[in-house]
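Note sheet for the following structure.
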Amino acid sequence: MESYFPTDSGTQSQAARERVLEDLHVLIVDAETLLNATVSDMSEKVAVARDRLKAGLLQAKTTLSELQRKGWESAQIAVKKTDSTIRSHPYEAVAISVGVGILVGLALGRR
């Protein structure tokens with residue numbers, strides 16, 4: 001069954017997820033820059049810190065790639081489920097939408 005709805009909902013949670021992914025990407029780039037800048041320092045403390053940073057960097061890269069992959073897959077699944085539910089119960093979907101719209105209108109009207 002094809003969906004007539006766009007797959008990018010543009011919700012606040014999607015925007016927040018994208019900001020987190022971007023921040024994680026920036027953190028990875030900054031960590032790599034720091035690692036490259038400390039190559040010439042041979043002290044033991046720096047070597048230990050570099051090893052820990054390398055391990056954390058590897059984990060961050062793995063997490064970033066998993067989040068990017070899972071985010072897209074879960075969004076597609078959610079859109080398909082929503083589309084299927086609305087198509088199988090169109091009158092109920094309209095009634096719920098109208099009810100929610102009335103409630104939101106009343107709540108905003110009281111302010």
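The values are calculated or read from the model by the stated rules, or taken from the named source; none is laboratory data. Worth saying up front: this structure is predicted, and the values here are computed from it rather than measured. FYI the Cβ positions are ideal-geometry reconstructions off the backbone, even for glycines, and counts take in every protein chain you see.
Values computed for the structure shown
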| read-out | value |
| --- | --- |
| In segment 24-72, the residues that are more than 24 Å from Gln14 (Cβ to Cβ), surrounded by 14 or more Cβ atoms within 10 Å (Cβ to Cβ) and among the basic types (Lys, Arg) | Arg50 |
| Test: residue in segment 12-21 that is under 30 Å from Arg87 (Cα atoms), assigned to a loop (DSSP other than H, G, I, E, B) and modelled with pLDDT under 75 | no |
| Search result, residues across segment 74-86 that are under 24 Å from the mean Cα position of the chain (by Cα) and of a type outside the set (Ser, Thr, Tyr) | Ala75, Gln76, Ile77, Ala78, Val79, Lys80, Lys81, Asp83 |
| Some residue of segment 13-32 being closer than 29 Å to Ala75 by Cβ and in contact (Cβ under 8 Å) with a residue 60 or more places away in the chain | yes |
| Filter result (among the charged types (D, E, K, R) and within 24 Å of Thr63 (Cβ to Cβ)) within segment 21-49 | Glu22, Asp23, Asp30, Glu32 |
| Qualifying residues in segment 32-73 (those that are among the β-branched types (Val, Ile, Thr) and under 23 Å from the mean Cα position of the chain (by Cα)) - the one nearest to Leu21 (Cα to Cα) | Thr63 |
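Let's see how each residue does on (1) of a type in the set (Val, Ile, Thr); (2) touching a residue at least 60 places away in the same chain (Cβ under 8 Å):
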| position | (1), (2) |
| --- | --- |
| Met42 | no, no |
| Val48 | yes, no |
| Leu57 | no, no |
| Thr63 | yes, no |
| Ile77 | yes, no |
| Lys81 | no, no |
| Arg87 | no, yes |
| Ala93 | no, no |
